[in-house]
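Trainee: This is the structure, below, for whatever I ask next.
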Amino acid sequence: DGGITQSPKYLFRKEGQNVTLSCEQNLNHDAMYWYRQDPGQGLRLIYYSQIVNDFQKGDIAEGYSVSREKKESFPLTVTSAQKNPTAFYLCASSISVQRGQPQHFGDGTRLSIL
Amino acid sequence: ILNVEQSPQSLHVQEGDSTNFTCSFPSSNFYALHWYRWETAKSPEALFVMTLNGDEKKKGQISATLNTKEGYSYLYIKGSQPEDSATYLCASPYSGSARQLTFGSGTQLTVLP
């Protein structure tokens with residue numbers, strides 16, 4: 001089945017450590033996105049990518065980095081510069097970034113600080 | 001940044017009741033309005049993408065309307081069932097950039113058997 005796979009489901013980070021969240025899609029979508037959810041808030045965009053080797057900052061990119069070396073993959077690294085990384089992270093993709101295209105989501109990764 | 005607001009924040013209804021909730025957004029420079037349904041322990045699922053004023057879309061017992069002039073969309077569920085329990089999210093692209101969606105914080109619906 002086509003879809004988006006995020007791994008791991010749960011992740012724990014020690015202080016000062018970088019961690020990488022995986023996102024893979026087999027939908028042949030050009031656009032991919034990373035969102036963060038905190039309790040009581042809407043999804044907030046961290047980064048998005050329109051096409052391979054291209055990505056743009058969203059509203060809350062500080063302390064995060066991404067890469068898009070393959071169409072299928074858009075990993076997110078939470079760096080030690082992100083002071084409040086505990087959150088639920090969702091990856092999504094769409095055919096393109098154009099406004100009428102719905103986004104397809106993964107199941108998410110919950111990141112916690114040890 | 002676009003402000004997308006949803007109300008109510010949460011809602012409890014009895015099985016068989018019909019219900020509706022609201023998404024409001026700035027009406028200037030409107031591009032599109034997305035509705036998603038997010039069940040617990042699952043991933044958000046796209047319900048509708050609406051682009052034209054007066055649009056009405058339907059999927060089973062769920063329907064949505066769009067008023068771009070006044071900046072709101074309603075989501076209706078007719079004859080709610082326990083399996084309709086979920087958080088319903090709306091989202092709209094930034095007025096300055098059609099590429100990024102701003103999400104509301106969602107309406108959490110619980111349908112009691």
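Trainee: Just the accessible area per residue of chain B, please: how many Å² with a 1.4 Å probe?
Mentor: Accessible surface, normalised per residue, equals 48 Å².
Trainee: Counting other Cβ atoms within 10 Å, keep those with at most 15, restrict to DSSP loop, and tell me which GluC sites (Glu not before Pro) in region A:1-82 are left.
Mentor: Here the GluC sites (Glu not before Pro) that fit, given the DSSP loop and packing criteria, are A:15, A:62, A:69.
Trainee: With heavy atoms of protein chains only and a 1.4 Å probe, what residues of region B:42-87 have at least 20 Å² less accessible area in the full set of chains than alone?
Mentor: Checking the loss per residue gives B:43, B:44, B:46, B:49.
Trainee: Per residue, what accessible area does region A:18-75 have, given a 1.4 Å probe and all protein chains present, in Å²?
Mentor: 46
Trainee: Once you keep just the Cα pairs under 8 angstrom separated by 6 or more residues, what percentage relative contact order results for chain A?
Mentor: Relative contact order comes out at 35 percent.
Trainee: Equivalent-ellipsoid semi-axes (√(5λ), Cα gyration tensor) for region A:1-74, whole Å, largest first?
Mentor: Its equivalent ellipsoid spans semi-axes of 21, 15, 14 Å.
Trainee: Most mobile of B:92, B:18, B:43 per a Gaussian network model of chain B (Cα springs, under 10 Å)?
Mentor: B:43
Trainee: Express the carbon and sulfur contribution to the solvent-accessible surface of chain B as a percent, rounded to the nearest whole number, probe 1.4 angstrom.
Mentor: 44
Trainee: On to the next question. For a quick check: with amide H placed at 1.01 Å from N, whose amide H comes under 5 Å from residue B:48's, ignoring anything fewer than 5 positions away on the same chain?
Mentor: B:35
Trainee: Got a sec? What order do B:73, A:65, B:28 fall in by accessible area at 1.4 Å, biggest, i.e. largest, first?
Mentor: The ranking, largest first, comes out as B:28, A:65, B:73.
Trainee: Quick one: with all protein chains in place, what share of the accessible area of chain A is carbon or sulfur, to the nearest percent (1.4 Å probe)?
Mentor: About 45 percent, which is the carbon plus sulfur part of the accessible surface.
Trainee: Any idea of the total accessible area buried by the A-B contact, 1.4 Å probe, rounded to 100 Å²?
Mentor: Summing both chains' loss of accessible area gives about 1800 Å².
The values are calculated or read from the model by the stated rules, or taken from the named source; none is laboratory data. Since the model is a prediction, treat every value here as computed from it, not as a measurement. No Cβ is skipped: glycine too gets one built from the backbone with ideal geometry, and neighbour counts run over all protein chains shown. To get the accessible areas, we keep the full protein, side chains included, count just its heavy atoms, and leave off ligands, DNA and RNA. Shrake-Rupley method; radii C 1.70, N 1.55, O 1.52, S 1.80 Å.
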